[in-house]
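Student: Got a structure for you, written out below as structure tokens; questions coming shortly.
The values are calculated or read from the model by the stated rules, or taken from the named source; none is laboratory data. Keep in mind that what you see is a predicted model, and the values were worked out from it rather than measured. Cβ coordinates were reconstructed from backbone atoms using ideal geometry, including for glycine residues, and neighbour counts include every protein chain displayed. Just so you know, the surface numbers come from the protein's heavy atoms only, side chains and all, with ligands and any DNA or RNA stripped out. Shrake-Rupley method; radii C 1.70, N 1.55, O 1.52, S 1.80 Å.
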Amino acid sequence: MRPQMLSTVLRTAARPSVVARSARTPVFAVRAASSHAQESFESFSERYVKFFQSAEDLFEVQRGLNNCFAHDLVPSTAVVEAAVHAARRVNDYATAVRVFEGVKEKVESKSQYQAYVDELKPLREELGLTLKEELYTS
């Protein structure tokens, strides 16, 4: 998942559309990114963990990542872990690394991203994942 494509999708999904009742009083309505607008963060996390645990091929994993990252929230570490495991299960190292790149684009600060990286360090070591920023510092 390329960061430029992700940011374009996010900007498009968050752009308000104008719905006018009359020429004088426009009403702004934000389009819903999905039909799960009232879903809690916990049920969102549970749904995507189950999805990634049952994903059987690369197309399914990438489709799930696109859908997951299209929402206006940062996925939980459980979702990230399930996505990385799914990517490695279908033998796609690049997608596993790009999950972390997607998280990096979604968080608000470097410290939040570092918290994800630190918490998921055992997973990265277990699966042998090297992040892009680690390649340049070695």
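Student: Per residue, how much accessible area does segment 41-135 show when a 1.4 Å probe rolls over the protein heavy atoms, in square angstrom?
Tutor: I get 54 Å² per residue for segment 41-135.
Student: Return the distance in nm (one decimal) between the two label points of a simple spin-label model at PHE59 and LEU135, each offset 7 Å from Cα along Cα→Cβ.
Tutor: The answer from the label model is 2.8 nm.
Student: Report HIS85's accessible area, 1.4 Å probe, all protein chains in place, as a number in Å² to the nearest 10.
Tutor: Accessible area, nearest 10 Å²: 60 Å².
Student: Something else now. Heavy atoms only, probe 1.4 Å: what % of the accessible area of segment 41-135 goes to carbon and sulfur, would you let me know?
Tutor: C and S fraction of accessible area: 48 percent.
Student: Take the Cα atoms of segment 41-135, find their three principal axes, and give me the spread along each one in whole Å, biggest first.
Tutor: Taking max minus min along each principal axis of the Cα atoms, segment 41-135 gives 30, 28, 19 Å.
Student: Let me ask you something else. Under 12 Å between alpha carbons, and skipping anything fewer than 8 positions from LYS132 in its own chain: which aspartates and glutamates qualify?
Tutor: GLU101
Student: Something else now. Report the label-to-label distance for SER109 and ASP72 in nanometres (one decimal), using points 7 Å from each Cα along the Cα→Cβ vector.
Tutor: Distance between the two pseudo-spin positions: 2.2 nm.
Student: If you don't mind, another one. Any chance you could run the full-extension gain for VAL117 through GLU42? It's 0.36 nm times the residue separation minus the Cα-Cα distance, nm to one decimal.
Tutor: 24.9 nm
Student: Could you compute how much accessible surface LEU127 exposes when probed at 1.4 Å, giving the result in Å² to the nearest 10?
Tutor: Approximately 40 Å² of LEU127 is accessible to the 1.4 Å probe.
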